[in-house]
1. Within the stretch 225-251, can you find the residues that are of a type in the set (Lys, Arg) and either over 26 Å from Ser156 (Cα atoms) or over 23 Å from the mean Cα position of the chain (by Cα) (or both)?
2. Take the residues of the stretch 1-23 that are exposed (fewer than 14 other Cβ atoms within 10 Å of the Cβ) and modelled with pLDDT under 95: which is farthest from the ligand (Cβ to nearest atom)?
3. Within the stretch 165-191, how many residues are part of a helix (DSSP H, G or I) and either at pLDDT below 95 or farther than 19 Å from Glu238 by Cα (or both)?
4. Find the helices (runs of 4 or more DSSP H) located wholly in the stretch 72-162 whose residues include 3 or more that are more than 20 Å from Gly7 (Cα to Cα) and away from the ligand (no atom under 12 Å from the Cβ), and list them.
5. Can you tell me how many residues in the stretch 24-48 are away from the ligand (no atom under 14 Å from the Cβ) and farther than 18 Å from Ala140 by Cα?
6. Tally up the residues in the stretch 24-41 that are of a type in the set (A, V, I, L, M), modelled with pLDDT of 95 or more and assigned to a helix (DSSP H, G or I), please.
7. Among residues belonging to the stretch 107-164 that are β-branched (Val, Ile, Thr) and within 30 Å of Pro83 (Cβ to Cβ), point out the one that is surrounded by the fewest Cβ atoms within 10 Å (Cβ to Cβ).
8. Show the residue pairs meeting these rules: Cβ distance below 7 Å; 6+ apart or different chains; first residue within the stretch 70-90 and assigned by TED's automatic domain parsing to the domain that holds Gly7 and among the β-branched types (Val, Ile, Thr); second residue away from the ligand (no atom under 11 Å from the Cβ) and in a loop (DSSP other than H, G, I, E, B).
Amino acid sequence: MRIGVLGVGALTEAIVRGVQKSKSPYRWCLSPRSAFRVERLLSLPQVSVAADNQAVVDQCSTVIIGVRPNDLQALAAQIKLTPDHHLICVAAGVELKTLQALFYPAKVTRMMASIAAEYPGASVFFFPSDAALSTCFSNAGFGVQSFSTEAQFEASMLSVCVNAWWLDQIQALAQAFSDETGMSLVDAVELLARAQQESATLLKQRRSTAPSVLAREIGTPGTFTARGLYHLKERQAEKPWVDILSELLKELKSMP
Ligand SMILES: NC(=O)c1ccc[n+]([C@@H]2O[C@H](COP(=O)([O-])OP(=O)(O)OC[C@H]3O[C@@H](n4cnc5c(N)ncnc54)[C@H](OP(=O)(O)O)[C@@H]3O)[C@@H](O)[C@H]2O)c1
């Protein structure tokens, strides 16, 4: 299969790289804009660039749309599609029905991912669910999750946002480790990456146990962990996180 990309940006570059590194690579045909990214991707096997956006859709029936939301309308005006086209759109916060109207008569599926798509173990999310797409990405080693409602799918985008918020917290914690012990920032980040990996392992292996229960299994009474849990709870450390998440979810719900 040959997959087209309209809008070669940070996210679509990561997706192409991730799939090409896997045991199940595909052939790709890229739109020519964003020359420096296209140039980099052309060094990978099975990647080519088309003369223009219409040439991408002429050569590929499956096409990932990687432009930002504000560029969707201009892109739609540049291409002629048929009912045989399947567009996979990564634009955050743009409803399926809006995309279907913009890219009529093509079939449209919404997709969410993060720049971690470049590396093994990353996940992709789809709405509506699509068996062929799920197979294509799970063959390429991605974790795949689909949702029954579009609101739930939007939450997958916010999970990508949460990832960025965590990374910023890790920076602050690593800096504290480094300042207090003299270890290098790189070593401190490595330490915290291992800790995060262990949290993920616990969450996956003990799915039926609530995260807060797991936290208290680590933080048994009288431990340093328990002191930290109490300290953070007392200061409602989770509140700003929950507040911004609720605000963004409300905003997404009210989008046209
Ligand atoms: N980055 C992430 O981690 C991430 C995570 C989740 C979701 N997303 C979503 O993914 C989408 C893209 O984000 P991004 O960070 O990858 O953005 P980006 O790096 O700016 O990539 C978008 C690319 O599309 C190009 N483009 C715009 N109009 C085009 C057209 N008509 N034809 C061909 N190419 C066109 C842009 O070129 P110019 O620069 O020349 O305009 C740019 O290179 C956004 O909707 C975002 O919400 C991104």
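1. Hits for the stretch 225-251 are Arg227, Lys233, Arg235, Lys239.
2. Looking at residues that are exposed (fewer than 14 other Cβ atoms within 10 Å of the Cβ) and modelled with pLDDT under 95, I get Lys23.
3. Within the stretch 165-191, the first condition is being part of a helix (DSSP H, G or I), and the residues that meet it are 165-181, 185-191.
Subset that is either at pLDDT below 95 or farther than 19 Å from Glu238 by Cα (or both): 174-181, 185-191.
Going through the stretch 165-191 one residue at a time, the tally reaches 15.
4. Hits in the stretch 72-162: 131-139.
5. The number of residues fulfilling the criteria is 3.
6. If we filter the stretch 24-41 for residues that are of a type in the set (A, V, I, L, M), which is where we start, we get 30, 35, 38, 41.
Within this subset, residues satisfying the condition of being modelled with pLDDT of 95 or more are 30, 38, 41.
Now restrict to residues that are assigned to a helix (DSSP H, G or I): 38, 41.
Counting residues in the stretch 24-41 that are of a type in the set (A, V, I, L, M), modelled with pLDDT of 95 or more and assigned to a helix (DSSP H, G or I) gives 2.
7. The extreme case among them is Thr149.
8. Within 7 Å, the pairs are Thr82/Pro105.
The values are calculated or read from the model by the stated rules, or taken from the named source; none is laboratory data. Owing to the predicted nature of the structure, the values given are computational and were not obtained by experimental measurement. Glycine gets a Cβ as well: all are built from the backbone with ideal geometry, and neighbour counts include every protein chain shown.
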